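J.: Provided herewith is a single structure, encoded as structure tokens, for subsequent inquiry.
The values are calculated or read from the model by the stated rules, or taken from the named source; none is laboratory data. Keep in mind the model is a prediction, meaning the values are calculated, not measured. Every residue, glycine as well, gets a Cβ built from its backbone with ideal geometry; the counts of neighbours run over all protein chains shown.
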Amino acid sequence: MTDGSDPRPRPQYGEYATPEEQRARIQQPDVTVALETGASPSDAAADAPAQPTPKEAAPDVIAMRRRFFDRVLTIALLVYAVLSVATSIPALVDYTGYVQTLFEFMGITEAPAATVDGRPWGIAASLVLGVGLLLTATVSWMMLQRGKVAFWVPIAGGVVFNLLSGVLLMVPLLSAPALMGALLSQ
């Protein structure tokens, strides 16, 4: 091709190709194979693997949309969990106010005074919710980073840790005879 007078090395990746040659190779990849092997473009087209059709490329687009939707849904659920836990903690620490609100909600007009101090149980329930939120957010983040479906993690974490905190909140209510009597008389 050259007689050795050209000081430039022979191009390997098309860096000396004209813009027209670059466009031709981009639009017809089989031309590149033909140029490299010395075969005619029709032979290269027969040997070249089939290019993906738009219908074959569609699953990639669908998978990207699903990952995007999963990411948005997971983040929205985690934001909701943060707001829920942040508003629940002050109410749970004030256990007497929590019990009065619970009784009002249940329609019990005369809520007896709690004989058992429920504040430690309210603090424990708050800690369970806070630690549960941190664990749920961490697992969700790890799954999102790995490209796995993660929207179910905040849902499952919310169910599990709210049930655990609910059990902790019910211990003082179930151990106080006056409160149990008020609940059973209604």
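J.: Can you tell which of 80, 98 is surrounded by 11 or more Cβ atoms within 10 Å (Cβ to Cβ) and either modelled with pLDDT under 75 or under 30 Å from residue 177 (Cβ atoms) (or both)?
T.: Every option except 98 fails the conditions.
J.: Suppose the filter is surrounded by fewer than 14 Cβ atoms within 10 Å (Cβ to Cβ), under 26 Å from residue 168 (Cβ atoms) and either at pLDDT below 75 or not assigned by TED's automatic domain parsing to the domain that holds residue 164 (or both); does residue 115 pass it?
T.: Yes; evaluated as a whole, the condition is true for this residue.
J.: Here is a follow-up. How about the range 50-75: which of its residues are among the acidic types (Asp, Glu) and either at pLDDT below 75 or exposed (fewer than 11 other Cβ atoms within 10 Å of the Cβ) (or both)? So that I can check it myself, show each step before the final result.
T.: Filtering the range 50-75 for residues among the acidic types (Asp, Glu) gives 56, 60, 70.
Matches in the range 50-75: 56, 60.
J.: Within the range 28-44, identify whether any single residue is at pLDDT 70 or above, in a helix (DSSP H, G or I) and loosely packed, with under 12 Cβ neighbours inside 10 Å, and answer yes or no.
T.: Residues of the range 28-44 that are at pLDDT 70 or above, as a first pass: none.
Taking every residue of the range 28-44 in turn, none turns out to be at pLDDT 70 or above, in a helix (DSSP H, G or I) and loosely packed, with under 12 Cβ neighbours inside 10 Å.
J.: Say whether the condition of being surrounded by fewer than 15 Cβ atoms within 10 Å (Cβ to Cβ), closer than 29 Å to residue 67 by Cβ and in contact with a Leu (Cβ under 9 Å, 6 or more places away or on another chain) is met by at least one residue in the range 150-157.
T.: yes
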